[in-house]
Amino acid sequence: MQDIISISQNKCKQCYSCVRNCSAKAVQIESGQAKIIHSRCINCGKCIKSCPQEAKIVLDSKGKTLNILKENDTVIACIAPSFVVSFHKYNYKKIIGALKEVGFSEVWEVAVGAEYVIEAISQYIKNKENNLFLSSPCPAFISLIEKHYPEMIKYLLPFVSPMIATGKIIREMHKGKDVKIVFIGPCVAKKCEALEPQFNGIIDSVLTFDELKDIFKIKGVNIEKAKEMDFDSIYCNEGKLFPLSGGLLRNLKSLYNLNESEYVVIDNDKDCIELINAIKDGKFKGKFVDVLMCRGCIDGPKIDSSLNYYERINKIYEYKNSTKK
């Protein structure tokens, strides 16, 4: 599998920021330079956000995506709902129009897959009264468990992420057709998730929001002048809250009777580690944990937004309310 994050040796100043901030202990100093231990790395992207030298390099998918667009007739974009935070200056319908102008045949919102995942989880946990469940839409958290705490795998909910769910839905609806799918979002770990053997061929490329902005520039697309267009995916609304911390739980609470003492929301790496240790020591008594390694997809390492965290939350709710039928 390709390395998702690497380090520019020319930029690294041996400040130890990435070493201190890596919860997976996947960075070490070797010969005066920071080095990523890829066997330990979970691709959460915290080292990217904490590096004052901007020395961390993320696997570039622009060339791959442009080739896909050039060589294929049907290429479908799946965009995470947090795109309204990254492109907050524009009407969201213009982003859809701009994607069509770039060459995408259809544009789907990943909130579609999120709603399928929510329904599947609610049915799964309904009759399991005494189980502990850890939500599993965060690929960085999944990697943390699989690489460093395999004894915790039994607590993970056995469902794919909204990205993979959306990809599967698209492929089912285009059965028998040669379709390529490109996911667009703020999460570096999604690049790794798409390459996992069990998901082979579902998602063909993963772009971050800043990569998409670069592609708009490369293709000469002016977002302000783009046509306002609607999603090609089926209508969904509740799944738009998935980018928020506790977004999964917000939806589950309306479908499943959880008492406040039974659930916990975790949205940072240190609390994830503390949770795991509490479970191992038998000191956690909750039933459901909605876990993210960061403060939600609105604060992912590649969200590329000038809005502060609370403005981003407001933007998601504005977006959800503006599309309500």
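The values are calculated or read from the model by the stated rules, or taken from the named source; none is laboratory data. Predicted model only: the values in this text are computed from it and were never measured. In this analysis, Cβ positions are derived from the backbone assuming ideal geometry, glycine residues included, and neighbour counts consider all displayed protein chains.
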Q | Residues of region 11-26 classified as part of a loop (DSSP other than H, G, I, E, B), of a type in the set (A, V, I, L, M, F, W, C) and either surrounded by 18 or more Cβ atoms within 10 Å (Cβ to Cβ) or in contact with a helix residue (DSSP H, G or I) (Cβ under 8 Å, 6 or more places away or on another chain) (or both), total | A | 4
Q: Return yes when SER261 is more than 22 Å from the chain's Cα centre (by Cα) and either within 30 Å of GLN123 (Cβ to Cβ) or touching a residue at least 24 places away in the same chain (Cβ under 8 Å) (or both) and no when it is not.
A: yes
Q: Could you pull out the residue among ASP210, ASP232 that is modelled with pLDDT of 95 or more and over 17 Å from LYS302 (Cα atoms)?
A: ASP232
Q. Do we find a residue being in a loop (DSSP other than H, G, I, E, B), touching a helix residue (DSSP H, G or I) at 6+ places or on another chain (Cβ under 6 Å) and not small (Gly, Ala, Ser) anywhere in region 259-281?
A. no
Q: Out of the residues in region 110-126 that are in contact with an Asp or Glu (Cβ under 9 Å, 6 or more places away or on another chain) and closer than 19 Å to THR323 by Cα, state the one that is surrounded by the most Cβ atoms within 10 Å (Cβ to Cβ).
A: ALA114
Q. Considering region 152-197 alone, what residues qualify as being under 19 Å from PRO139 (Cα atoms), touching an Asp or Glu at 6+ places or on another chain (Cβ under 8 Å) and part of a loop (DSSP other than H, G, I, E, B)?
A. SER161, PRO186
(Q) Based on this model, can you work out whether TYR310 counts as in contact with a helix residue (DSSP H, G or I) (Cβ under 6 Å, 6 or more places away or on another chain) and of a type in the set (Phe, Trp, Tyr)? (A) no
**Q.** Single residue of region 55-106 satisfying the filter (among the acidic types (Asp, Glu) and assigned to a loop (DSSP other than H, G, I, E, B)) that is farthest from ILE184 (Cα to Cα)
**A.** ASP73
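Given the criteria assigned to a strand (DSSP E or B) and in contact (Cβ under 8 Å) with a residue 12 or more places away in the chain, does ILE29 qualify?
Working: assigned to a strand (DSSP E or B): yes; in contact (Cβ under 8 Å) with a residue 12 or more places away in the chain: yes.
Answer is yes for this residue.
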Q: Quick one: count up the residues across region 32-54 that are in contact with a Lys or Arg (Cβ under 9 Å, 6 or more places away or on another chain), in contact (Cβ under 8 Å) with a residue 24 or more places away in the chain and in a loop (DSSP other than H, G, I, E, B).
A: 10
Q. For GLN123, all conditions in the list (1) part of a loop (DSSP other than H, G, I, E, B); (2) without any contact (Cβ under 8 Å) to a residue 40 or more places away in the chain; (3) within 23 Å of LEU292 (Cβ to Cβ); (4) among the polar types (S, T, N, Q) hold save one; what is the number of the exception?
A. (1)
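Answer with yes or no whether GLU172 is surrounded by fewer than 18 Cβ atoms within 10 Å (Cβ to Cβ) and modelled with pLDDT under 95.
On the way: surrounded by fewer than 18 Cβ atoms within 10 Å (Cβ to Cβ): yes; modelled with pLDDT under 95: no.
So GLU172 fails the test.
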